[in-house]
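Participant: Please find one structure pasted underneath; my questions will follow.
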Amino acid sequence: MKEIINCVDCISNELIQIVIDDDLVVSRKEMGIKDNETVFVGPGLLDLQINGFSGVDFNTFPIIENDFLKVINNLSKEGVLSFFPTVITNSDDNIINLLKNINELCLQNPLIDSYVSGIHLEGPFISPVNEASGAHSKDYIKAPDWQLFKIFQEASGNRIKIITISPEWDNSIDFIAKCAANDIIVSIGHTVASSEQINAAVNAGAKMSTHLGNGAPLSLHRNSNIIFDQLANNDLTPSIIADGFHLPDNFLKIVLEVKKKNLILVSDSTMFAGMEAGVYQSHIGGKVKLEKGGRLSTYNNENVLAGSAVSLLDCVNKLYSSNMLSLIEVWSLASIKPQELVNLSSNHDDFVLFKLKKNSIYILRAFKSGKQIYTTNKKSHNTI
């Protein structure tokens with residue numbers, strides 16, 4: 001059954017006509033006249049940092065195919081059509097097994113392969129200093145090791161495209177330079193590096209800051225510190241977790257003003273994202289409490305966050321509903337900007353349709369490679 005949808009492109013603000021036949025996109029063209037159409041079309045969201053989702057943990061071996069498909073299905077409902085599974089600090093063997101696991105799933109299942117645009121390795125070459133290391137196990141934190149990284153990369157099938165490290169290690173500059181020479185994006189994070197070390201890292205090829213404002217000591221020098229140093233460096237693109245819990249509004253406003261368009265949004269979601277509120281056991285943080293709305297904290301101390309439990313769309317909605325960014329700006333920071341950062345070409349066949357309701361974005365449909373994979377229309381069906 002053929003269907004014609006007139007919608008407004010949320011990036012260009014042009015009226016677009018999309019023709020769909022039996023859940024497949026037949027044509028898409030720009031129209032010359034705008035109307036009062038309330039349906040928007042936008043590129044699929046790209047999340048460069050997902051540790052888990054919907055009860056599935058990318059840091060617990062093994063990751064089975066059906067669980068990965070479950071993540072894909074639920075992310076599609078949130079408008080996320082590609083992402084970087086994120087493997088964090090662990091033993092060398094566990095990291096290798098997890099990377100092999102993800103690569104094998106991509107090789108076995110074309111749908112999984114189409115969603116996994118790369119892998120983000122967060123550690124183990126980060127700071128061992130308390131508070132900077134966060135939830136990463138200090139038992140496995142170590143200095144950058146290029147030979148070990150090559151083993152990790154081989155296990156991943158060359159899918160590691162981002163690595164988070166701390167440039168405070170003596171050999172970090174040489175490691176960063178080798179990563180840059182091999183098209184691996186180096187992101188500064190979980191660090192207590194000095195101003196000189198951060199500048200040296202950028203000069204060696206570091207391009208990104210991992211969840212700026214988090215993974216840092218609670219007490220910092222009032223004028224000179226790792227956050228200011230990274231904010232002030234025009235060659236660093238920070239990622240931020242705008243879930244309403246990790247960063248206060250005043251910090252978000254400062255980052256948005258200073259970096260303007262040179263930043264990206266990430267969810268940094270854990271397995272608890274998309275789960276019902278309740279008390280759970282985590283292999284990283286122990287007993288945790290998930291509240292309605294997505295706030296995740298340790299059970300014994302609710303003032304201590306235990307990770308992110310929201311989707312990238314929740315972060316987009318936080319900034320949009322708070323009037324910090326326009327629709328064009330906020331959607332770009334979660335789609336086009338991360339694509340540009342990791343050098344992914346845009347795909348017009350990956351897109352979502354959404355409406356605005358009570359100053360929030362609601363996904364209506366999602367299309368992957370021109371095929372409808374999610375819809376709120378009960379007469380239609382999901383294809384995943």
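Participant: Using only Cα atoms, what is the ratio of the radius of gyration of the range 89-218 to 2.2 N^0.38 Å? All intermediate terms of the calculation are to be shown ahead of the outcome.
Facilitator: Numbers: Rg = 14.5 Å, N = 130, 2.2 N^0.38 = 14.0 Å.
Relative to the rule-of-thumb radius for its length, the range 89-218 sits at 1.04.
Participant: Based on Cα positions only, what radius of gyration and what Dmax would you give for the chain, in angstroms?
Facilitator: Cα radius of gyration and Dmax of the chain are 20.4, 64 Å respectively.
Participant: Kindly write out, for the range 127-139 in residue order, the coupling ³J(HN,Hα) from the Karplus curve 6.51 cos²θ - 1.76 cosθ + 1.60 (θ = phi - 60°), rounded to whole Hz, with x marking Gly and Pro.
Facilitator: Once θ is set to phi - 60°, the couplings for the range 127-139 become 6, x, 5, 3, 6, 5, 6, x, 7, 6, 5, 5, 5 Hz.
Participant: Once a ≥ b ≥ c are taken as the square roots of the eigenvalues of the Cα gyration tensor of the range 231-323, is the result rounded (a/c under 1.5), prolate (a/b larger than b/c) or oblate (a/b not larger than b/c)? Before the final figure, lay out the partial values.
Facilitator: Numbers: a/c = 2.37, a/b = 2.01, b/c = 1.18.
Here the range 231-323 falls in the prolate category.
Participant: For a quick check: sort THR375, THR237, THR38, THR60 by the number of other beta carbons within 10 angstrom, fewest at the front.
Facilitator: Ranked by crowding around the Cβ, least crowded first: THR38, THR60, THR375, THR237.
Participant: Have a look at LEU252, LEU46, LEU99 and tell me which one the Gaussian network model of the chain (Cα, springs below 10 Å) gives the largest fluctuation.
Facilitator: Highest fluctuation among the options: LEU252.
Participant: Give me the Å³ per residue figure for the convex hull around the C-alpha atoms of the range 303-381.
Facilitator: Values: hull volume 11.9 nm³, N = 79.
Normalising the Cα hull of the range 303-381 by residue number yields 150 Å³.
Participant: Taking the Cα centre of the range 152-299 as origin, work out the dipole magnitude from +1 charges on Lys and Arg Cβ and -1 charges on Asp and Glu Cβ, in debye rounded to 20. Before the final figure, lay out each step's value.
Facilitator: Numbers: 13 positive and 14 negative charges, 87 e Å.
So the dipole magnitude of the range 152-299 works out to roughly 420 debye.
Participant: How many angstrom separate the Cα center of the range 34-103 from the Cα center of the range 289-319?
Facilitator: Value for the Cα centre distance between the two parts: 18 Å.
Participant: Could I get the Rg over Rh figure for the range 31-165? Both from C-alpha atoms, Rh via Kirkwood, rounded to two places. Please report the intermediate quantities before stating the final value.
Facilitator: Numbers: Rg = 17.4 Å, Rh = 16.1 Å.
Dividing the radius of gyration by the Kirkwood radius yields 1.08.
Participant: Given the options ILE64, ILE163, ILE88, state which has the largest fluctuation in a GNM of the chain using a 10 Å cut-off (strictly under) for Cα springs.
Facilitator: Answer for the Gaussian network model of the chain: ILE64.
Participant: Give me the dipole magnitude in Debye, nearest 20, for the chain about the Cα centre, with unit charges on the beta carbon: positive for Lys and Arg, negative for Asp and Glu. List each step's numbers first, then the result.
Facilitator: Values: 33 positive and 42 negative charges, 177 e Å.
With Lys and Arg at +1 and Asp and Glu at -1, about 840 debye.
Participant: Could you tell me which of HIS348, ILE88, GLN230 has its Cα farthest along the dipole of the chain towards the positive end, charges placed at Cβ (Lys, Arg +1; Asp, Glu -1), taken about the Cα centre?
Facilitator: My answer, from the dipole projection, is HIS348.
Participant: Further question on the same structure: When the chain is modelled as a GNM with alpha-carbon springs shorter than 10 Å, which of LYS357, LYS142, LYS150 fluctuates the most?
Facilitator: LYS357
Participant: Give or take rounding to whole Å, what are the principal axis extents of the alpha carbon atoms in the range 171-272, in descending order?
Facilitator: Cα extents, longest axis first: 37, 34, 25 Å.
Participant: Testing the spin-label approximation: label points 7 Å from Cα along Cα→Cβ at ILE254 and GLU65. State their distance in nm.
Facilitator: Inter-label distance under the simple model: 5.0 nm.
Participant: Okay, next question. Can you pull the Kirkwood radius for the range 1-89, inverse mean 1/r over Cα pairs, to one decimal in Å?
Facilitator: This gives a value of 15.5 Å.
Participant: Step through the residues of the range 355-368 one at a time and calculate ³J(HN,Hα) from phi using the Karplus curve (6.51 cos²θ - 1.76 cosθ + 1.60, θ = phi - 60°), rounding each to whole Hz and writing x for Gly and Pro.
Facilitator: Karplus-based 3J(HN,Hα) across the range 355-368 equals 10, 9, 9, 6, 6, 9, 9, 10, 6, 9, 8, 9, 10, 10 Hz.
Participant: I'd like to know which of THR38, ILE20, ASN158 lies farthest towards the positive end of the charge dipole of the chain, counting +1 on Cβ of Lys and Arg and -1 on Cβ of Asp and Glu.
Facilitator: THR38
Participant: Put +1 on the Cβ of each Lys and Arg and -1 on the Cβ of each Asp and Glu in the chain; which of ILE102, ASN199, VAL279 then has its Cα farthest toward the positive end of the dipole?
Facilitator: VAL279
Participant: In addition: For a quick check: sort MET271, MET1 by the number of other beta carbons within 10 angstrom, fewest at the front.
Facilitator: On the way: MET271 25, MET1 8.
The fewest-first ordering by Cβ neighbours comes to MET1, MET271.
Participant: Turning to a different aspect of this structure: Before anything else, pin down the relative contact order of the chain: Cα pairs under 8 Å, at least 6 apart, normalised by residue count, whole percent.
Facilitator: Numbers: 819 pairs, mean separation 66.0, N = 384.
Worked out over the chain, it gives 17 percent.
Participant: Order by neighbour count: TRP169, TRP331, TRP146, fewest other Cβ atoms within 10 Å first, most last.
Facilitator: Final ranking by Cβ density, sparse to dense: TRP146, TRP169, TRP331.
Each value in this text was obtained by applying a stated rule to the coordinates, not by laboratory testing. All values reported here derive from a predicted model rather than from experimental measurement. Every residue, glycine among them, receives a Cβ derived from its backbone with ideal geometry; neighbour counts consider all protein chains shown.
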